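First up is the structure itself, then whatever we jot down about it.
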Amino acid sequence: MKKLCLILVSVFLLCLVSACSNSESGSGSSKVTLRYGIWDKNQKPAMQKIVDEFQKKHPEINVKIEVTPYDQYWTKLETAATGKSLPDVFWMNGPNFIKYSSNDMLMPINNLTKKDKVNLGNYPKALVNLYTFKGKTYGIPKDFDTIGLFYNKKLFDEAHIPYPDETWDWDKLKAAAKKLTNKEKGVWGIAARMENQAGFYNTIYQNGGYVISDDKKKSGYDQPETIGGLKFWIDMIKDGSSPTQAQMTETTPSALFESGKVAMIYDGSWMQIEYEQNEYTKDKVDVAPLPKGKKKANIIHGLANVVAANTQHKKEAQEFLAFLGSKKASLIQAKSGTVIPAYNGTQKLWVKSNPNVNLQVFIDSAKYAVPLPSSKNTSKWWDDETKILNKAWGLEIPVDEAAKTLAKKMNKDLAEEH
Amino acid sequence: MPNASKSSKGLIHIVLIIGAIIMVFPFIWMVLTSLKTFGETTQVPPVIFPEKFQWENYLNVFNSLPFLSFYWNTIVSTLAKVIGQVIFCSLAAYAFARIKFPGRNFLFILMLAVLMVPGQVFLLPQYMIMAKLDWLNTIQALIVPGLFSAFGTFLLRQFFMSLPKEIEEAARLDGCNHFQIYWHIMMPLVKPGLLALAIFTSLWGWNDLLWPLIVNSSPDKMTLSAGLASLQGQHYTNYAILMAGTVLAIWPMILIFIFLQKQFIEGISITGSK
């Protein structure tokens with residue numbers, strides 16, 4: 001026992017000593033190290049290539065990429081913001097942007113635009129607006145995504161229906177969904193899934209409704225046009241052209257699409273890689289623009305690169321930020337096929353990254369796209385949406401009732417933000 | 001009669017076999033998935049056996065993540081936590097159980113209160129302390145907050161309490177002071193408790209995800225579980241690669257379990273918790 005204890009204690013001390021000696025001693029030279037926080041493992045190779053290019057030009061700056069998975073990224077960022085140790089440069093998204101900019105955590109980029117290092121005209125306007133708060137722009141758009149109608153060519157051929165195209169409207173989609181549904185084979189025309197960005201937000205704006213007022217003070221869920229955008233989906237569950245909410249909870253809609261159980265699905269441009277690699281869908285999938293309602297609309301969202309307000313290396317961080325927003329960086333991203341680069345004109349390369357699918361649809365949709373709705377505390381009313389609309393999708397309560405309850409709850413949340 | 005007992009024994013075996021299959025299935029599924037292509041992992045209905053074993057998945061994770069530093073950080077931090085907890089918790093537990101001092105009950109309740117608060121609440125204050133010490137992104141940041149636990153103290157206190165007073169008195173007559181009683185007399189007697197604590201701590205230390213992920217940022221200062229989490233993509237995840245990484249991350253624990261099976265089961269049945 002005595003011997004064992006002695007060994008244990010000495011191992012313990014050894015561990016501590018080695019741990020401490022292992023700690024950062026600093027390279028000693030005048031090289032500046034920047035931390036670059038990102039959340040998507042799949043994009044890391046492209047980001048590393050961009051960093052390598054940057055370091056070639058600026059050998060005095062060393063950039064370290066830190067990947068934190070999306071689920072923990074925001075917890076970590078919030079902790080780091082409170083502890084004043086945010087990464088120097090990091091990814092930001094629409095739903096979280098106002099929270100960080102209104103709390104002075106981000107550095108405005110106006111001195112970069114003044115010095116002509118960055119020209120905001122090079123990026124889609126909807127994206128620049130997404131990262132502008134009280135007249136100041138804080139981020140340079142990195143990429144964007146829009147929504148498309150993915151469909152299964154084989155199921156369309158079997159039902160003798162022409163493939164969807166830009167002439168489609170809501171009625172045509174509903175009629176096709178009905179015709180594609182084949183109860184005996186267990187095939188549904190469409191997955192009317194409860195999903196905001198890739199689902200009902202699109203139809204709300206196509207129907208002339210809105211989710212949140214421009215001054216971010218009022219919910220749009222009590223507007224008849226908005227409710228119409230929700231009804232669009234629920235009607236298709238009711239008439240059997242879509243699996244029920246329970247069935248879509250059991251098997252995810254994308255899994256249903258990947259197994260040929262569902263002929264059409266609204267999904268984001270980010271899904272093309274998975275559909276292209278799936279054994280079943282890879283030679284059957286194509287994509288069309290979203291059918292129009294009263295008008296054309298599409299939800300656009302994109303990330304931006306931002307600089308922390310309290311970075312210790314302001315000059316170097318902004319230098320890197322400008323490079324991240326450059327055409328060169330966008331081209332590197334485009335080649336990887338993971339995301340649509342934000343720099344205008346570089347998207348063509350992304351379209352070519354997968355010639356089997358009509359990716360041009362996603363680029364064209366950006367022209368009439370609406371930015372993803374957000375406010376200071378977006379996640380709060382996103383939670384309400386999920387909770388309350390779930391009952392409408394499950395056909396437990398009428399959609400009007402759900403929408404009005406949601407409007408009230410959301411108005412309360414928004415009032416608390418100010 | 002012998003027939004009846006034979007058939008009932010058979011029944012028990014069937015139930016046990018079914019239970020064993022259910023328990024082992026996730027592990028087998030993990031290994032099989034780790035050898036599939038990305039396409040095969042997303043296929044519905046799922047394929048059970050990959051068409052061709054994709055051994056390069058393992059090479060892939062090993063090359064894309066610094067697994068050797070992950071192993072080193074995880075082993076060092078887990079070992080340090082286990083030893084720290086065994087020493088510090090047993091010292092505190094001994095004092096709470098065997099020494100009468102003013103304010104003992106109050107202090108003990110205060111410590112129990114720590115048990116009642118969910119761990120996430122400590123996240124921010126602990127992070128701030130690490131930031132002030134300039135310990136962010138270091139291996140000691142992984143270790144130090146885990147050197148002591150209210151749970152371990154509570155657990156060991158129960159063991160110390162159960163020992164008869166006569167042993168202590170006899171030792172005192174022989175001229176032992178408190179530390180000697182603790183070290184020479186009591187510690188050997190609570191060995192099962194120490195073992196249980198060591199097992200729990202090592203399991204928690206090995207699996208802890210949130211803290212390492214928050215406090216450390218660069219890949220070479222990550223633990224296995226935190227490093228693995230970074231294999232998840234935002235919109236889709238290459239499960240084959242993720243599972244290959246998981247196999248690499250858990251085999252040491254499985255090996256330890258196989259070798260220390262008896263102690264594991266003893267430790268858990270003694271404390272009645274998992």
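The values are calculated or read from the model by the stated rules, or taken from the named source; none is laboratory data. Fair warning: this is a prediction, and the values are worked out from it, not measured in the lab. Please note: Cβ atoms are built from the backbone with ideal geometry, for glycine as well, and neighbour counts cover all protein chains shown.
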Open item on the list: Yes or no: region A:288-301 includes at least one residue that is in contact with a Pro (Cβ under 8 Å, 6 or more places away or on another chain), under 15 Å from residue A:147 (Cα atoms) and either part of a helix (DSSP H, G or I) or within 13 Å of chain B (Cβ to nearest Cβ) (or both).
Closed with: yes
- [ ] Looking only at region A:249-260, decide whether some residue is touching a Pro at 6+ places or on another chain (Cβ under 9 Å), more than 9 Å from chain B (Cβ to nearest Cβ) and touching a residue at least 12 places away in the same chain (Cβ under 8 Å).
- [x] yes
Task: Checklist (1) touching a Gly at 6+ places or on another chain (Cβ under 9 Å); (2) more than 10 Å from chain A (Cβ to nearest Cβ); (3) in a helix (DSSP H, G or I); (4) not hydroxyl-bearing (Ser, Thr, Tyr) applied to residue B:148, failing item - done: (3)
Task: Selection count where residues are within 11 Å of another protein chain (Cβ to nearest Cβ) and either closer than 20 Å to residue A:330 by Cβ or under 22 Å from the mean Cα position of the chain (by Cα) (or both), scope region A:30-73 - done: 20
TODO: Working only within region B:5-55, note down all residues that are assigned to a loop (DSSP other than H, G, I, E, B), of a type in the set (D, E, K, R) and surrounded by 13 or more Cβ atoms within 10 Å (Cβ to Cβ).
DONE: B:36
Open item on the list: Take the residues in region A:261-284 that are buried (at least 23 other Cβ atoms within 10 Å of the Cβ) and among the β-branched types (Val, Ile, Thr); name whichever of them is farthest from the other protein chains (Cβ to nearest Cβ).
Closed with: A:265
TODO: With the condition kept exactly as written, say whether any residue in region A:252-265 is closer than 28 Å to residue A:92 by Cα, assigned to a loop (DSSP other than H, G, I, E, B), aliphatic (A, V, I, L, M) and touching a helix residue (DSSP H, G or I) at 6+ places or on another chain (Cβ under 9 Å).
DONE: no
TODO: Hey, can you tell me all the residues within region A:74-89 that are surrounded by fewer than 19 Cβ atoms within 10 Å (Cβ to Cβ), facing chain B (nearest Cβ under 9 Å) and either touching a strand residue (DSSP E or B) at 6+ places or on another chain (Cβ under 7 Å) or farther than 14 Å from residue B:136 by Cβ (or both)?
DONE: A:75, A:78
Task: Flag for residue A:192 being in contact with a Phe, Trp or Tyr (Cβ under 6 Å, 6 or more places away or on another chain) and assigned to a loop (DSSP other than H, G, I, E, B) - done: yes
Open item on the list: Here is a list: B:222, B:243. Which entry is under 29 Å from residue A:145 (Cα atoms), at pLDDT 90 or above and touching a helix residue (DSSP H, G or I) at 6+ places or on another chain (Cβ under 7 Å)?
Closed with: B:243
Task: Pair list, Cβ < 8 Å and 6+ apart or interchain, from region B:190-212 residues that are without any contact (Cβ under 8 Å) to a residue 24 or more places away in the chain to residues that are of a type in the set (A, V, I, L, M) and in a helix (DSSP H, G or I) - done: B:209/B:226; B:209/B:229
Open item on the list: Among the residues that make up region A:198-209, is at least one of them aromatic (Phe, Trp, Tyr) and within 20 Å of residue A:391 (Cβ to Cβ)?
Closed with: yes
